[in-house]
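The structure appears right after this line, and notes come after that.
The values are calculated or read from the model by the stated rules, or taken from the named source; none is laboratory data. Computed from a predicted structure; not experimentally measured. Methodologically, a virtual Cβ is constructed for each residue, glycine included, from the backbone with ideal geometry; neighbour enumeration extends over all protein chains shown. SASA here: full protein model, heavy atoms, side chains in, ligands and nucleic acids out. Shrake-Rupley method; radii C 1.70, N 1.55, O 1.52, S 1.80 Å.
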Amino acid sequence: MRCDGLLRQLDFRDEGTFTLDHVRWIAVILLHAMLCGAAPAVAEDLRDAWSHALANSPRLAAEEHKIAATEYDLGAARAERRPDASLRSSYHVRSDTPSFLVQSPLPGFDRVPFAQPDAAAVEAQVLTPIYTSGRIKNSILGAQANLSASQHEGAATRADLLQAVGEAYLAVLRAQRELDVAEQDVASLTTLEGEVKCLFEQQRVPRNDLLAAQVTTATAAQKRLRGQHQLQNAGAAYNRLLGRPLSTPVQLAELQLPWLPQSLE
């Protein structure tokens, strides 16, 4: 139902008061007007596709985590050059005072204590590498090489993703154009088949012409069906690269390619 049709259904000129039904009709009209006034869906261009693919690619996210892991490895290798400090403390509580038993003629002097019943101890330790025969230096160089390799691999993965999305984008547009051509062929051949059928009913053409027209129309319909499947497959491949469900509708904008500077000659 159109928006203006809903507006014509509600007329309060003969009513002096608003009822609950009037309020409900107003709510329905406002909601329908908002839906009618909503802007149509904008076709997605290649830049939007690239941005969405870069933000939702699991493979690219894995490469980024890999780069972060190699950065942490490099930091750990560099940290081996710094001193390693540790601090440890302890506190002991005994039930009796530690003492030695001695033979003494005096009563009460047969025990000689040598420690307190409770005691606290603190220990600080600092370890610094003096000579490691190049182990730390080579570890740092190896971590730097791994980081560089991870960065180059991430850049290659990003470039491969952009290229794959561009190819999938073009594949969808090509499949859409082929389907449009196939639909036009079916429409024109269906019209031709109807004309041949009329001529056959008037006995102006033989049956072979009608059969040939029907076979040509059926072939065009089969080609259109094949084009529909190709478009669905191209859209599914495109959605997979962008991290979307395979059945998501695809609406792409045409590419604005510049003219070549050379002339046709």
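Of the residues making up segment 122-146, those that are assigned to a helix (DSSP H, G or I) and open to solvent by less than 80 Å² (accessible area, probe 1.4 Å) number 7.
Applying a threshold of 8 Å to beta carbon distances and a minimum spacing of six or more residues, or different chains, the list of pairs starting in segment 89-102 at a residue that is surrounded by 10 or more Cβ atoms within 10 Å (Cβ to Cβ) and ending at one that is among the polar types (S, T, N, Q) reads T97/Q116. Name the single residue, out of those in segment 184-234 being out of contact with any helix residue (DSSP H, G or I) (no Cβ under 7 Å at 6 or more places or on another chain), charged (D, E, K, R) and more than 30 Å from A168 (Cβ to Cβ), that is most open to solvent (accessible area, probe 1.4 Å). The selected residue is R204.
Every residue, every condition in (1) modelled with pLDDT under 90; (2) more than 30 Å from R240 (Cα to Cα), yes or no:
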{"site": "H65", "(1), (2)": "no, no"}
{"site": "R81", "(1), (2)": "yes, yes"}
{"site": "F109", "(1), (2)": "yes, yes"}
{"site": "P113", "(1), (2)": "yes, yes"}
{"site": "P129", "(1), (2)": "yes, yes"}
{"site": "A143", "(1), (2)": "no, yes"}
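For every residue, the table says whether it meets (1) charged (D, E, K, R); (2) part of a helix (DSSP H, G or I); (3) out of contact with any Leu (no Cβ under 9 Å at 6 or more places or on another chain); (4) open to solvent by 80 Å² or more (accessible area, probe 1.4 Å).
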{"position": "S148", "(1), (2), (3), (4)": "no, yes, yes, no"}
{"position": "R158", "(1), (2), (3), (4)": "yes, yes, no, yes"}
{"position": "A164", "(1), (2), (3), (4)": "no, yes, no, no"}
{"position": "A171", "(1), (2), (3), (4)": "no, yes, yes, no"}
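Only residues that are touching an Asp or Glu at 6+ places or on another chain (Cβ under 8 Å) and within 24 Å of A53 (Cβ to Cβ) were counted in segment 112-157, giving 4.
Scanning segment 77-88 for residues that are open to solvent by 60 Å² or more (accessible area, probe 1.4 Å) and within 35 Å of the chain's Cα centre (by Cα) returns a single hit, R78.
Could you tell me which residue of segment 235-254 is most open to solvent (accessible area, probe 1.4 Å), considering only residues that are within 24 Å of T157 (Cα to Cα) and assigned to a loop (DSSP other than H, G, I, E, B)? So, considering only residues that are within 24 Å of T157 (Cα to Cα) and assigned to a loop (DSSP other than H, G, I, E, B), the one most open to solvent (accessible area, probe 1.4 Å) is L246.
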